[in-house]
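For reference, the structure discussed in these notes is given below.
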Amino acid sequence: MAAVSSSDSDGCRAESNEANSKWLDAHYDPMANIHTFSACLALADLHGDGEYKLVVGDLGPGGQQPRLKVLKGPLVMTESPLPALPAAATTFFMEQHEPRTPALALASGPCVYVYKNLRPYFKFSLPQLPPNPLEQDLWNQAKEDQIDPLTLKEMLESIRCHAGPSLCRETAEEPLSVQSLSFLQLELSEMEAFVNQHKSKSIKRQTVITTMTTLKKNLADEDAVSCLVLGTENKELLVLDPEAFTILAKMSLPSVPVFLEVSGQFDVEFRLAAACRNGNIYILRRDSKHPKYCIELSAQPVGLVRVHKILVVGSTQDSLHGFTHKGKKLWTVQMPAAILTMNLLEQHSRGLQAVMAGLANGEVRIYRDKALLNVIRTPDAVTSLCFGRYGREDNTLIMTTRAKLRECCAATLHTGRKPRPTRQVTWLWKSRDSLGGTPCLQSLFLRVEDALGDGKSLRIQGREQSLPNAGIIMRKGEFWPGTVAHACNLNT
């Protein structure tokens, strides 16, 4: 599983070997500083050179400064800012032209940003929604100076809270626009200036993307052209043309989709499974505008993976369930801890498909149907999983985990007050053969950021050093607070 240096290396290696000898240790980077989840990880040969890169939609520390990162081996190749938090990242072939290089699609806010050769190629924006008619009427009255800002606020509040007249309740399904929501957050002294600035502008209501996946267009080949499938906050599913990026199909759902799984081809026949916020999974088929089947869960879904013809669902009741596409339950497996993330493990050389489940107790369990194939134990709880080809190596597993406070041994922070969380750090793994003799953490130096205060003293292995802005407790290779990422290689 994970190999570090010195005594911690031996402890982690022993724990890994005890879990399963099929996994080889790879690369470990405690400074990658990645904050993400499974839907925002993707592996692809972005330049057509046979070198597969890791694409990361990074939320940034504390959900601030989201970025798109592309990693080659242990290094970040490119890094670009995003205007909003990423919802999903995927790669797909959008045309048949040579050379066959996949495009990268990243969903963020109301837009899908498409990149070719890591350069911006196209930006698709969701169509605008019709505004609430009562809201539109109120702003029209404000434009004609028929109502004052305080009255406008009261009326908008009544619409938002569904506490107005009966007509308001009839239109309660249409949320307020960003303009009105921003106005409601202002102080009384700021309202008049805001109204004068925006009363002449038209009301615009925009939805956002909640989930995204791909659907083959007319062929089942691995490098066949694929369509993007988007789930939106206004309870719709959209299928996009891969070349013109027009909407090929639009489907409605009873609730907001959060996980998507598809099978088949758009031009032939396909099935689409959407796990929604109301705790149900809806199955749609080609030419259907509404769900054909409904799977009612007893708890909220935390993950959805299709393994061959079986839908595997993780729930907040710490269990995995297997269903057919018609909603028949096949089996249930109880987990020893809460499920934090799920993803598909597909080993093409052996025709193996299995589901990976990252648990809150630091385990990653791999199941084929309800049979347990493997248990990987990590130092902390796994928050995202990605399996595939990385670099030039097949069957690579990349995991990010969240670290927790551990005993302070190798480094001691001398300060007059208790340490507090400062930032997240991330660990990543690469092939052990490329490390060149010295274990990776033996060449690792401590980087300390986000101060508890200036001029703190840090003692590292008997040597006291004065560091500005020191505020991290470390035990050899284990940082707190942080995110730890591991990538492991599976023997073939």
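The values are calculated or read from the model by the stated rules, or taken from the named source; none is laboratory data. Just so you know, these numbers come straight off a predicted model, no measurement behind them. Using ideal geometry, Cβ is built from the backbone for each residue, glycine included, and neighbour counts are taken over all protein chains shown.
Look at region 277-288: where a residue is touching a residue at least 24 places away in the same chain (Cβ under 8 Å) and a partner is of a type in the set (Asp, Glu), sitting 6+ places away or on another chain with Cβ atoms under 6 Å, you get 280/296. Return a yes/no flag: does region 283-297 have any residue that is assigned to a loop (DSSP other than H, G, I, E, B), closer than 15 Å to residue 344 by Cβ and either of a type in the set (D, E, K, R) or in contact with a helix residue (DSSP H, G or I) (Cβ under 7 Å, 6 or more places away or on another chain) (or both). Checked region 283-297: no residue is assigned to a loop (DSSP other than H, G, I, E, B), closer than 15 Å to residue 344 by Cβ and either of a type in the set (D, E, K, R) or in contact with a helix residue (DSSP H, G or I) (Cβ under 7 Å, 6 or more places away or on another chain) (or both). Total residues in region 194-252 satisfying the condition of being closer than 18 Å to residue 277 by Cα, among the hydroxyl-bearing types (Ser, Thr, Tyr) and touching a residue at least 60 places away in the same chain (Cβ under 8 Å): the figure is 5.
Per the listing 324, 332, 316, 341, the residue uniquely touching a residue at least 60 places away in the same chain (Cβ under 8 Å), touching a strand residue (DSSP E or B) at 6+ places or on another chain (Cβ under 8 Å) and among the hydroxyl-bearing types (Ser, Thr, Tyr) is 341. Taking region 111-152 as the range and being surrounded by 19 or more Cβ atoms within 10 Å (Cβ to Cβ) and under 22 Å from residue 59 (Cα atoms) as the test, the residues that pass are 112, 113, 114, 115, 124, 126.
Among the residues of region 271-297, those identified as of a type outside the set (D, E, K, R) and farther than 23 Å from residue 314 by Cα are 288, 290. Restricting attention to region 363-385, the residues being more than 20 Å from residue 315 (Cβ to Cβ) and not in a strand (DSSP E or B) number 3.
Scanning region 190-234 for residues being exposed (fewer than 14 other Cβ atoms within 10 Å of the Cβ) and either more than 18 Å from residue 266 (Cα to Cα) or over 31 Å from the mean Cα position of the chain (by Cα) (or both) gives a total of 9. The residue that is nearest to residue 321 (Cα to Cα), among those in region 250-294 that are charged (D, E, K, R) and over 24 Å from the mean Cα position of the chain (by Cα), is 292.
Scoring residue 34 on the criteria (1) assigned to a strand (DSSP E or B); (2) under 12 Å from the mean Cα position of the chain (by Cα) leaves a single failure, condition (1). Of 100, 119, all but one fail to be of a type in the set (Lys, Arg) and touching a residue at least 60 places away in the same chain (Cβ under 8 Å); the exception is 100.
Annotation: of all residues in region 247-276 being surrounded by fewer than 16 Cβ atoms within 10 Å (Cβ to Cβ) and among the charged types (D, E, K, R), the one that is nearest to residue 227 (Cα to Cα) is 267. Checked against (1) among the small types (Gly, Ala, Ser); (2) touching an Asp or Glu at 6+ places or on another chain (Cβ under 7 Å); (3) more than 30 Å from residue 23 (Cα to Cα), residue 255 passes all but a single condition, namely (2). Scanning region 50-74 for residues that are modelled with pLDDT of 90 or more and basic (Lys, Arg), we see that the one that is farthest from residue 25 (Cα to Cα) is 67.
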